[in-house]
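Heads up: the structure comes next, in structure tokens.
Just so you know, all these numbers are worked out from the coordinates, no wet-lab data involved. Since this is a predicted model, take the numbers as computed values, not measurements. Cβ sites come from the backbone with ideal geometry, for glycine too, and all protein chains shown count toward neighbours.
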Amino acid sequence: MPVKLRVEHVRKSFGSKVVLDDVTLDVGAHQVVCLIGASGSGKSTLLRCINLLEPIDDGSIWLDGVDIAEPGHDADPVRRRVGMVFQSYNLFPHMSVLRNITLAPTKVLKRPAAEAERSAIELLERFGLDDKASAYPDQLSGGQQQRVAIVRALAMQPEIMLLDEVTAALDPVLVGEVLNVIRDMRKLGMTMVLATHEMGFAREIADRVCFLHQGRVVEQGVPEQMFSEPERPETRDFLARVIASGRL
Amino acid sequence: MNRVSEGADADASVPSRSDSHPDQLRPTQGQRPGRSRRATYDLRQRRRSTLVAAVSTVLVVSAIAMIVPLTPGWDRVRASFFDWDTFVDSLPQLWDPFLLNLRIFAICAPCIIVVGMLVAVARNVRSPALFPLRLFATIYTDVVRGVPVILWILLIGFGVPGLFDERAWYTKSVVWGGFALVMCYSAYVAEVFRAGIEGIHESQRAASRSLGLSSSQTMRTVVLPQAVRRVVPPLMNDMVSLQKDVALVSVLGTVEALRRAQILVSQSFNFTPYVAAAVLFLCVSIPLTRLTDHLMARQRRRTSGTAVA
């Protein structure tokens, strides 16, 4: 399987606090990689670095063999190819759902408005949101907002999707509808990197699970091995605590 | 066990509540013949507070109306400030000059909004190449806001026309008075816009950039539209002040309403024209103030109603 994304010896600190400490990670094409770990372990920062929202201090990030984190590399063309969905949805509240989705295709890819709208409607239909096209974000439930945010990212036809704890802000009964969308994306062969606290879901959907602890990749592997017989004490400790809190 | 009967009792007021916004929770009266216990209580409370407010207003106003005429100089003051004949006489004479005030306002206000927004955006540019722009915008707002408006009007209104030898439209004091107003108010308005821009959460910027929009596209399509919506009420406040401060150009000799009133006062030795001018200003500023309050209240309701990132 060809490597789509390679994160190599990435370091990142905020002031004196080291957030990513020599992180190395491969994501194959059409692969789903789940990042697990406690809050503050660096999962979100890693995703933000891959999308170049945060500059890294050292290391490289290869997308199709090109180092996108190279100083001076233009970030905008990279972001067109890498979709990102945030924990807090971040829909634009002053725009309708449809406009939220067509904004980037029309402004960035310069696609004609009618064409962008057509494909936006198609995407909304596929995820059961076509009746929400003219609604505004504050008229939607959290789950609907997050699904719209995913559709908005998909409308740019990204080669890879970064999902940053996309269900963490949701009511438990709404989590399922968002997870279904991610399952659908997996079926469509989307390459994805997910930071998640939903261990059961990570186990189900991931090709590879990657455990971060204090900014380091402590252990990674296929889900069965990671969840049933983790090798490192940090991983075992983390999973024990997750089980104790009833989330696995 | 008890829950069942309680539920049935509360049912009377529940249907109107369940699907409405928190701020509309107050039961609507007259919807059903038998008002619920809570609605009746609520209505009684509201009637009571209206009554209290009305009585206390009447008391205070009549106290003032009774006490002020008891002061030793009241007859003197009334004759020189509230002389009905002088009032009726001066009002039409003030009307045309007051139209000049409104014209100056109508020309300055849009200029101020445009310049203010440009300055605010300039203060927010992050590109190092445009650093001089950012620096200039910062110095501009600091220097302009550090000097009283009336002093700027004197400096510019008398200073700039001195640069020219001939007399033309661009040497008129009203033009430079207006220019000084635009200059000062743009700095204040720029700060209002800047607060609005900075009030937009960083996550909105992140979402926009992650979709591939450039930083200027993000500013134009995501940040500014939201910021402008948020600052409309404070902006209106500044516009109300501007409408009054237009009178400051009178120091340059421009015959607008205040200047005209001054002339009338010096002719009649009676201060009533000032009161007449004040009435004219109030005719414009009170509706504007009410509108601002209305917009602010609406915005408060909106932002407290639903929490949107």
- Alpha carbon convex hull of region A:123-169, volume per residue in cubic angstrom: 77 Å³
- For region B:208-309, what's the radius of gyration and Dmax over Cα atoms, in angstrom? 21.4, 70
- Cleavage-rule hits, trypsin sites (Lys or Arg not before Pro), region A:78-170, DSSP coil, Cβ neighbours within 10 Å at most 15: A:Lys110
- Once the Cα gyration tensor of region B:58-109 is found, what semi-axes does its equivalent ellipsoid get, as square roots of 5 times the eigenvalues, in whole Å, sorted largest first? 34, 17, 9
- Note on the structure: Note to self, chain B gives a 222 nm [θ] from helices alone (DSSP H runs n ≥ 4, -39500 (n - 2.57) apiece, / all residues, nearest 500) of -24500 deg cm²/dmol
- Using only Cα atoms, locate the centre of region A:72-133 and the centre of region A:137-169, then give the distance between them in Å, rounded to an integer. 10 Å
- Message: My understanding is that a pair violates if its Cα-Cα distance is over 23 Å; which of A:Lys4/A:Lys110; A:Lys12/A:Lys43; A:Lys4/A:Lys107 do that in this structure?
- Response: A:Lys4/A:Lys110; A:Lys4/A:Lys107
- Message: Just to be sure I follow the definition: excluding the sites themselves, where is the longest run in chain A that has none of the GluC sites (Glu not before Pro) in a DSSP loop with at most 16 other Cβ atoms within 10 Å?
- Response: A:1-158
- Separation between Cα centres of region B:71-101 and region B:41-61, rounded to whole Å: 35 Å
- Relative frequency of Cα-Cα separations exceeding 24 Å in region A:1-90, percent: 16 percent
- Per principal axis, descending, Cα span of chain A in whole Å: 54, 44, 37
- What does the helix-only formula give at 222 nm for chain A: each DSSP H stretch with n ≥ 4 adding -39500 (n - 2.57), the total divided by the residues, and the result rounded to the nearest 500 deg cm²/dmol? -11500 deg cm²/dmol
- Query: What number, in nm² with one decimal, is the all-direction average of the projected area of the convex hull of the alpha-carbon atoms of region B:120-218?
  - Reply: 8.2 nm²
- trypsin sites (Lys or Arg not before Pro) within region B:135-219, DSSP loop, no more than 14 other Cβ atoms inside 10 Å: B:Arg167
- Item | Largest-first principal axis extents of the Cα set of the protein assembly as shown (Å) | 100, 80, 49
- Query: Just how many % of Cα pairs in region B:94-305 lie over 26 Å apart, if you round to the nearest whole percent?
  - Reply: 46 percent
